[in-house]
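Below is one structure; the comments refer to it alone.
The values are calculated or read from the model by the stated rules, or taken from the named source; none is laboratory data. Please read all numbers here as calculations on a predicted model, not as lab measurements. Cβ coordinates were reconstructed from backbone atoms using ideal geometry, including for glycine residues, and neighbour counts include every protein chain displayed. For accessibility, only protein heavy atoms count, side chains too; no ligands or nucleic acids. Shrake-Rupley method; radii C 1.70, N 1.55, O 1.52, S 1.80 Å.
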Amino acid sequence: MMGKQDTDSDCGSPEGKIMTELGVSVLSKVGKTPLEKSKFYNARLALIREAVLNTLCTMTRETTETLHCVDAVGGTGVTGLQWKVRLKNLVHVTITEKEHITEVQSNCERNRISDCPLPLDMSRVPGDPMVSQRDQEVHTCKCTAPVLLHMEAFDFVYLYPHSNISGHIDAAVTNIRNNGVLCLVSTDSTHQFTRSAVSVRRHFGATVTKTEYLKELAARVIIGSIVRAAAKCNKGVEVLYVLFVEDFFLVAVKVLRGPKFADSCTDRIRRLLHCQMCEERVFYPLTNTPIEHPYTLLPCRCQDTTPGKTALVLGPMWSGELFSSVFLARNLINAKEEQFSKKLHSIWTVMLDEVRCVQSIVPKETENGSNPTEEPCVKRQKLCDSGVSQMSTESGSDHEQMPPFFYNVLRRKWKGIDVPKYPVLLDLLHREGHRASRTHFDFGGIRTSATLTDVTLILSKHCQLTQQSSVPVE
């Protein structure tokens with residue numbers, strides 16, 4: 001059953017264990033180093049692989065042609081095998097692995113799938129028709145991922161390089177077909193962006209610092225790098241979603257051919273002004289002239305009360321949307337129909353709530369016959385489910401762009417304020433006329449259109465500590 005997202009392990013050969021995930025069994029060898037272990041099989045990426053499979057299933061429903069897919073840096077080949085087992089003749093799967101191609105071939109045999117070696121022909125033009133595949137057949141190629149991506153054109157690219165991803169981005173967007181989807185997995189992102197700002201500047205050409213919204217900052221920097229690489233090929237991108245799981249994150253973008261899309265995307269690469277005192281932030285406006293008083297862009301007044309230079313200029317990075325509400329709605333519908341795991345359902349639901357970042361969670365709830373005593377989280381789930389079908393038919397540009405970045409309310413020190421639970425805090429922000437929602441980037445964070453000063457005033461108004469009790473003041 002597709003709902004079983006957890007992995008099962010059975011005793012195998014002395015060299016490793018047999019791992020079963022989404023109906024595919026692979027041999028997980030025991031590596032000598034953590035990098036080798038992640039190359040063979042990484043159980044922490046099970047949810048990401050399921051999300052990628054869900055994304056590919058959604059793509060197959062939107063076309064009648066066979067999609068050419070590649071599992072670059074395949075490792076054990078578990079991702080590509082899941083595609084073939086689930087979708088059969090709807091996809092043409094190629095798995096590339098340079099160091100462990102024999103393990104990929106043995107895993108194909110273990111799952112009753114024949115592997116056909118894909119020869120590299122230097123005379124081929126990327127995009128020429130490839131050899132057809134049967135329902136129980138995949139192509140394997142012994143080469144590095146950039147080599148194959150430069151020589152063949154694909155509709156769907158899944159790339160997990162096990163290390164820094166900057167060296168693979170150019171190859172990934174060079175020959176990907178129009179309306180093709182690129183799924184890029186980055187590992188140890190928060191550690192890399194926190195401890196080694198010099199390497200981030202070297203690999204991505206961006207300046208970063210440690211912030212409470214570091215995860216979203218890292219995602220925007222990497223998306224900015226993808227946009228710049230695509231613009232060199234006269235291509236633009238549409239960000240479908242960004243998924244964080246532990247310290248890994250998955251970026252899924254749709255590649256659109258044409259200089260018009262490239263120019264539109266490059267205009268959304270901006271620098272970010274970040275206050276070091278209160279961590280307020282704002283994107284620089286798109287202008288070719290210098291800004292005379294940049295501190296006036298920030299909603300805070302830390303520069304007036306603190307001597308010295310209180311702000312940093314970060315980036316450049318992506319300033320546009322991080323989610324496509326239309327695609328997420330289709331993903332959620334597909335996940336329920338195909339019986340994917342409930343955890344994946346909840347993630348798509350949280351993302352839909354986050355991209356909408358509604359101003360009122362439960363408008364006219366009692367008129368629809370619902371119970372007004374329901375928990376806010378239950379009401380939010382019902383509203384999101386009821387709006388899925390409507391959102392799937394709307395254009396992604398019809399709704400207002402969600403507020404960039406988020407505030408971690410629990411990690412801040414509030415003097416004389418009893419911070420309420422999140423459903424209450426969201427309700428307070430909505431009652432004051434602000435958009436607000438939870439964020440999956442940090443389950444202690446709040447994404448809202450209110451500034452930090454507005455949040456402070458709202459908490460001071462409703463949640464001041466009293467001598468008798470600590471309940472919100474009405």
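Structure notes:
- The stretch 100-131, residues that are in a loop (DSSP other than H, G, I, E, B), open to solvent by less than 50 Å² (accessible area, probe 1.4 Å) and among the aliphatic types (A, V, I, L, M): 113, 118, 130
- Residues of the stretch 312-325 that turn out to be of a type in the set (A, V, I, L, M) and open to solvent by less than 20 Å² (accessible area, probe 1.4 Å), as a count: 3
- Residues that are closer than 18 Å to residue 317 by Cβ, part of a loop (DSSP other than H, G, I, E, B) and open to solvent by 20 Å² or more (accessible area, probe 1.4 Å) do occur in the stretch 157-179.
- In the stretch 330-338 there is at least one residue matching the filter, namely being surrounded by fewer than 19 Cβ atoms within 10 Å (Cβ to Cβ), in a helix (DSSP H, G or I) and free of Cβ contacts under 8 Å to residues at least 12 places away in the same chain.
- Any hit, the stretch 410-428, residues being surrounded by 18 or more Cβ atoms within 10 Å (Cβ to Cβ) and among the small types (Gly, Ala, Ser): no
- From 244, 248, 193, 204, residue being aromatic (Phe, Trp, Tyr) and more than 26 Å from residue 351 (Cα to Cα): 204
- Extreme residue, surrounded by the most Cβ atoms within 10 Å (Cβ to Cβ), among residues of the stretch 181-209 that are β-branched (Val, Ile, Thr) and in contact with a Gly (Cβ under 9 Å, 6 or more places away or on another chain): 208
- Among the residues of the stretch 284-310, just one is open to solvent by less than 60 Å² (accessible area, probe 1.4 Å) and either within 30 Å of residue 250 (Cβ to Cβ) or touching a Pro at 6+ places or on another chain (Cβ under 7 Å) (or both), namely 284.
- Residue, least open to solvent (accessible area, probe 1.4 Å), within the stretch 221-252, restricted to residues that are closer than 20 Å to residue 162 by Cα and among the charged types (D, E, K, R): 247
- Strands (runs of 3 or more DSSP E) lying entirely in the stretch 204-294 (those with 1 or more residues that are over 27 Å from residue 456 (Cβ atoms) and at pLDDT 95 or above): 235-245, 248-257, 269-275
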